[in-house]
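For reference, the structure discussed in these notes is given below.
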Amino acid sequence: MTTRDVDAPLLEVKALRAELADGRTVLHDVSYAVRPGQALGLVGESGSGKSMSLKAVLATLPDGTRTTGDITFDTRSVSAMSRRELRAYRAHDVALIPQDPRASANPVRTVGDFLTEALVRARGTRRRDADTVAARLLVDVGIPDGERRLAQYPHELSGGLLQRVMIAAALAMEPRLLLADEPTTALDVTTQQEVMAILDEQRRDKHLAMVLVTHDLDLAVAVTDTVAVMYAGTIVEIAPSTELHTASRHPYTMGLLRSRPVIGRRDRLTSLPGRPISAFEAGEGCGFAARCSYAQDRCRTTRPVLQAGGTHQVACHRADELAITLPEATP
Ligand code: SF4
């Protein structure tokens, strides 16, 4: 048996580019890595490519999408997996926590059916033991009266409880990597915090890797180790979460930080001008140039790339000049 290098990435995305069948580019040169037990946040507005990036990891991009670059899971190339290997990868190695639990739950099946079928099918749990295991999983995600809940239908549960069931279903697979796609967006603010706390606790307890897709920069900073900020289908800044609030160096990240309300902040709240664009709308230069108050001529003709090396990388021609400090914005 070979010994795995504990520092080796579990998931590695390398120079990923994706072009839909209609010719639109949705991802451009996306690279990141996640080690076991590590959480990475993919942050961005609609159309930034963060959800497409998750689909690429799951190999569920729309039919006809052409990709270059590579995605490896535990050193195995996802694009080189056979159908059988892909089924096993999706059933045992990675688990998706969806954005809208109601859209993912079958309204005519009970919570018990949903969880026990998954346990029997994917983990080979004996059917007579499955209810007990499912009830225990519900307790793990903060649903104490698990046996009663197993008999309920999705419409009988609140959005927060149903999302906890989705987390339990994901954990039931004993995955090594969680992919969480805006998992709290459909919930009210208080429930968002409770659900995120449960997810964070379970992930840490089980030493799972996680990629969290969110539009909420503060949420990503709070629950992940590394944050990658996406814009127009590419990563424009990637940094340890602890550095992003106080040492961001990309004008887009700075704009996001300045446009969010923070109690006690002393500088003016400003919104980013213009609208976000998708990858296929970006020209030869920097995709953010039309909204960037620091743009120069070269920004419109030459696309900046992430500098190689280091844990804090920025794709901006003027990154070194623009380093800022926002101590009042520290959470
Ligand atoms: Fe702004 Fe130029 Fe940096 Fe793009 S490369 S973010 S346009 S300064």
message: Given Cα positions, please report Rg to Rh for the stretch 200-313, the hydrodynamic radius being the Kirkwood one.
response: 0.99
message: If you split all Cα-Cα distances of the chain into 20 Å bins from zero, what percentages do you get per bin, shortest first?
response: 30, 56, 14, 0
message: Kirkwood Rh and Cα-based Rg: tell me the resulting Rg over Rh for the stretch 96-160, rounded to two decimals.
response: 0.94
message: What does DSSP give for the stretch 3-322 in terms of the percent of beta bridges that are antiparallel, rounded to the nearest 5?
response: 55
- prompt: How high is the relative contact order of the stretch 130-208, in percent, with contacts defined as C-alpha pairs under 8 Å that are six or more residues apart?
  reply: 31
statement: Residue ranges of DSSP H helices in the chain that stretch 18 Å or more (Cα, own long axis) and have mean Kyte-Doolittle hydropathy of at least -0.5 are 127-140, 159-172
task: Quote the Stokes-Einstein diffusion coefficient, in whole µm² s⁻¹, for the stretch 1-129, based on the Kirkwood radius over alpha carbon pairs, a temperature of 4 °C and a viscosity of 1.567 mPa s.
output: 77
- request: Any chance you could tell me what percent of the C-alpha pair distances in the stretch 163-244 go past 17 Å?
  value: 47
message: Given the DSSP H assignment, sum -39500 (n - 2.57) over each helix run of at least 4 residues in the chain and divide by its residue total; what's the result at 222 nm in deg cm²/dmol, nearest 500?
response: -9000 deg cm²/dmol
field: Given charges at beta-carbon only (K, R positive; D, E negative), |dipole| of the chain in Debye
entry: 480
message: Please compute the contact order of the stretch 3-322 in relative form: average sequence separation of alpha-carbon pairs under 8 Å and at least six residues apart, divided by the residue count, as a percent.
response: 22
field: the stretch 1-67 pair-distance distribution - Cα-Cα, 10 Å bins, rounded %
entry: 19, 46, 24, 9, 1
message: At most 16 other C-beta atoms within 10 Å and a DSSP loop state: those are the exposed trypsin sites (Lys or Arg not before Pro) I care about. Give me the longest piece of the chain that has none.
response: 25-108
query: Is the shape of the stretch 114-233 best called rounded, prolate or oblate, per the rule: a/c under 1.5 gives rounded, else a/b larger than b/c gives prolate, else oblate, with a ≥ b ≥ c the square roots of the Cα gyration tensor eigenvalues?
result: prolate
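No value in this document is a laboratory result; all are computed from the given coordinates. Owing to the predicted nature of the structure, the values given are computational and were not obtained by experimental measurement. Glycine gets a Cβ as well: all are built from the backbone with ideal geometry, and neighbour counts include every protein chain shown.
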